[in-house]
Structure formats: structure tokens, C-alpha cells
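Trainee: Below are the C-alpha cells for one structure; questions will follow.
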Amino acid sequence: MKILFVSAVLPYPLHSGGQIRIYNLLKRLSKNHDIHLFSFIRENSEKKYLPELSFCSSVVTVQRGRGLQPKYILKALTSSYPLLWSTYHNSEMLALLSDEVAKGKYDLVHIEPGYVWPSIPGEHRIPIVVAEHNIEHAVYESFVKAFRIGILRPFLMRDVIKMKTWQRHVWERATRIITVSESDKTFIQQPNVSVVPNGVDTKLFAFSPKKTMGKAVTFLYVGNFRWMENRDAAEHIIRDFWPAIRKAYPDARLRIVGKNAPKGQYFVGMVDSIQAELHGADIMLAPIRVGGGTKYKILEAMASGLPVITSSLGIAGMSGTGKKHFLIAESADDVLESIAYLRNGNRREEIVTNARALIEKEYSWDMIAQQLNDIWNSL
């Protein structure tokens with residue numbers, strides 16, 4: 001089939017969950033389909049990565065720039081669009097897509113995520129698939145509730161309300177909606193929703209668990225710190241968990257790895273190999289309190305043989321069971337109990353083995369791409 005694929009981000013380099021997801025799906029689906037990618041970029045320098053997307057039949061980019069620009073803020077204040085949606089209300093992309101749809105003889109349009117909708121032509125007679133990475137307003141609502149400047153919360157909450165309205169508007173007009181988890185599917189509550197989860201390249205993230213855990217336990221957190229959920233989780237670890245961990249394990253080390261990391265004692269920033277970090281650590285500590293979908297850091301750790309201690313939200317929407325595939329901890333006491341549990345070599349081995357088996361069964365990109373392929377063909 002001939003597919004018009006519209007992405008909010010260029011799917012390379014693989015620095016964010018959205019990039020990882022879109023890149024892996026397009027790379028596999030391009031073997032069966034004629035895919036034409038139209039992607040927003042933040043900077044013209046991103047065009048140097050276009051050769052990495054040569055599996056697409058064509059790639060067209062439109063510069064959006066950064067989100068917090070006066071023109072976007074003004075548009076959000078004076079229109080029905082929330083701020084995020086206003087940054088994708090782009091006349092250049094709209095004109096390009098209108099022309100492409102008119103002459104392209106496409107079988108379907110796939111947009112990812114739904115907030116690029118303001119640049120999608122209003123008049124089209126072909127199926128449109130909307131893939132959502134989160135229930136976006138819920139992420140922002142959590143941020144607003146925790147926002148420290150109380151006087152600004154009513155203004156920020158107004159933006160959240162507009163998000164809710166636009167999400168429903170998009171979902172009601174989509175031919176098919178894709179979510180990454182069953183919990184997101186349940187929230188949307190429409191009959192035309194299918195789950196296509198996030199996944200892992202099981203060859204790239206090879207299973208190589210540590211045999212033992214020494215006294216100097218190394219804890220790892222991974223994320224792109226442009227996103228509020230990763231900033232919140234890192235702060236939560238340092239403020240609420242790390243003092244108790246260091247008291248119980250004075251030789252323990254903490255590494256917080258990823259792009260856009262702030263300066264700080266435990267922040268490492270970008271590294272050459274995330275696989276080396278996963279294989280070098282003893283525990284992935286991911287007490288996530290904001291966000292939705294399935295978390296790549298958790299999937300990649302499970303694939304690699306690194307045991308995971310996370311929150312209930314961190315594994316929301318995933319298959320798997322606590323103390324079988326991962327450990328769930330909401331407080332410092334829970335974390336200390338989980339660490340003690342993992343210091344037993346037999347229990348540790350059982351958890352990482354079960355986790356890898358679950359990844360191979362349900363979360364490999366090859367299997368997930370086939371799920372999306374089946375949905376496209378059904379339309």
C-alpha cells in the first residue's frame with residue numbers, strides 16, 4: 001500500500017521514545033509498503049540524519065522550531081488550540097499535505113501522535129490512522145497539579161481543558177485509533193481503538209544479566225530530560241529515595257543518564273552506549289509518577305537482563321507481574337525491601353529470566369510491526 005505518514009518528530013536519532021517507536025515501525029513496515037514520510041523538525045541541522053531514513057520512499061521535513069516561542073504562545077492564548085497543538089498548526093505542512101493528498105493516490109494517512117492534527121487537511125476521503133503515545137492531557141494535568149507557582153495553575157489548567165477537547169475532536173474523526181497500552185485504550189472508550197504497544201529490538205538489547213550483586217550496588221535511571229516525567233522521576237529518586245538507599249548501602253552509586261540532563265551530582269548526560277549502561281548497572285530504578293504508555297527504559301532493561309524496580313504507573317498497561325517480571329515500589333521502604341529481595345541470587349535470576357521471556361513473547365519490534373501492518377491492511 002501507499003502510506004502518507006506524518007510524524008511530530010524526525011524518527012532519528014533515537015533520543016526519545018517517539019523517535020524509537022516510529023523509526024522501528026517504519027524500518028520494518030517499509031519492506032511491505034510504499035511509505036512517504038512528512039516530518040516536523042526543530043532545527044535544520046536534523047536534515048543530516050535523512051540518510052538514516054532511506055528505507056522510506058521519500059522524506060519531507062518542515063521546520064517547527066522549539067515549542068516555547070512567542071508566536072505559539074500567542075496562538076494558544078487567542079485560539080482554541082492548546083499550546084502543544086498550536087506548535088503544529090503549520091501552514092507550510094498543511095499546504096504540502098493538501099497537495100500530496102490531492103495528487104498522491106494514497107491508501108491511508110497515518111499521523112503520530114494526534115497533536116499534529118492541525119496540519120492535516122480537513123477534506124480527505126481516505127482512511128486516517130491516529131496513533132497516540134500517551135493520553136496527553138493526563139500528562140500535563142499531573143504537571144499542572146504539582147506546579148509550584150499556584151497563581152499560574154488556573155491558566156495552565158485552561159490549556160489542559162483545551163487538550164481534552166481537541167483529543168476528543170481528533171479521536172471522533174479518526175478511522176482507527178492506535179494506543180500503546182490497554183489502559184490508554186480503555187480511557188478513550190471508542191470501538192475503533194487498537195493497541196500496538198511499544199517494543200524492543202531484542203538483538204540490539206542482548207540478554208546479558210549480572211551473575212551477582214556486590215556491595216557497591218549501581219542504580220540506573222534513563223530518560224530524555226526534555227520531558228517532565230523524566231525530570232520528576234529523577235528528582236523523586238534523589239530527594240525521596242537516595243538518602244535511605246545510601247544509609248543502607250553506603251557504597252551504592254547512582255547514574256542518571258540521558259539527553260538534556262540538568263547539571264547535578266548524579267546526572268551523567270548522554271553516553272556512547274545505553275546498552276553498556278544497562279549491562280553495567282545492578283538495578284534499574286524508575287519510580288515514575290507522571291505520564292502514560294509503556295516505558296522504553298523498562299522494556300530495554302528487561303530485555304537486557306537488568307532487574308527493574310518501578311512504580312505502579314511505570315508498568316501501567318504492560319503485561320507482567322510483580323515479583324515475577326519486575327518489582328513495584330512506591331516508597332523508600334518499598335525500595336529497600338525490593339533491593340533486599342534482589343540480593344538473593346536465585347530470585348534475581350528468576351526475575352530477569354522471566355522478564356526476557358516476556359519481552360520476546362510480547363514486545364519485540366518485529367511482532368509489533370506486524371500488528372500495525374495487519375491494521376493498515378484491514379483499512
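Taken together, the values in this text are just the output of simple stated rules run on the coordinates, not laboratory data. Being a predicted model, the structure only gives us computed values, none of them experimental. FYI the Cβ positions are ideal-geometry reconstructions off the backbone, even for glycines, and counts take in every protein chain you see.
Trainee: What residues qualify as long-range amide H neighbours of Val62, i.e. H under 5 Å apart, gap of 5 or more or another chain, H built at 1.01 Å from N?
Mentor: For Val62, the qualifying residues are Ser39, Phe40, Ile41.
Trainee: Same structure again: Find the centroid of the Cα atoms in the range 169-202 and in the range 123-161, then give the distance between the two in whole Å.
Mentor: Rounded to whole Å, the Cα centres lie 17 Å apart.
Trainee: Of the peptides 46-59, 76-89, how do they stack up when ordered by the mean number of other Cβ atoms within 10 Å, highest first?
Mentor: With the highest mean Cβ count within 10 Å placed first, the list reads 76-89, 46-59.
Trainee: Please compute the contact order of the range 218-362 in relative form: average sequence separation of alpha-carbon pairs under 8 Å and at least six residues apart, divided by the residue count, as a percent.
Mentor: Over the range 218-362, the number comes to 23 percent.
Trainee: Which one of Val170, Gln69, Tyr23 has its Cα pushed farthest toward the positive end of the charge dipole of the chain, where Lys and Arg give +1 and Asp and Glu give -1 at the Cβ?
Mentor: Farthest along the dipole direction, towards plus: Gln69.
Trainee: Relative to the longest principal axis of the chain, what angle (0 to 90°, nearest 10) does the C-alpha long axis of helix 345-362 take?
Mentor: In the chain, helix 345-362 runs at an angle near 10 degrees to the longest axis.
Trainee: Given a Förster distance of 25 Å, report the FRET efficiency between Ser54 and Asn260 from their Cβ-Cβ distance, rounded to the nearest 0.05.
Mentor: The computed FRET efficiency comes out at 0.35.
Trainee: Any chance you could give the angle, 0 to 90 degrees and rounded to 10, that helix 153-173 forms with the longest Cα principal axis of the chain?
Mentor: Helix 153-173 and the main axis of the chain meet at about 60 degrees.
Trainee: Please work out the FRET efficiency for the pair Asn346 and Phe187, using the Cβ-Cβ distance as r and a Förster radius of 41 Å; give the result to the nearest 0.05.
Mentor: Efficiency, from the Cβ-Cβ distance: 0.60.
Trainee: Sticking with this structure for a sec: Just list whichever of Lys259/Lys297; Lys145/Lys295; Lys75/Lys162 have alpha carbons separated by over 19 Å in the model shown.
Mentor: Violating the 19 Å limit, Cα to Cα: Lys145/Lys295.
Trainee: Can you bin the chain into rounded, prolate or oblate? Criterion: square roots of the alpha carbon gyration tensor eigenvalues sorted a ≥ b ≥ c, rounded for a/c under 1.5, prolate for a/b above b/c, oblate for the rest.
Mentor: Verdict is prolate for the chain.
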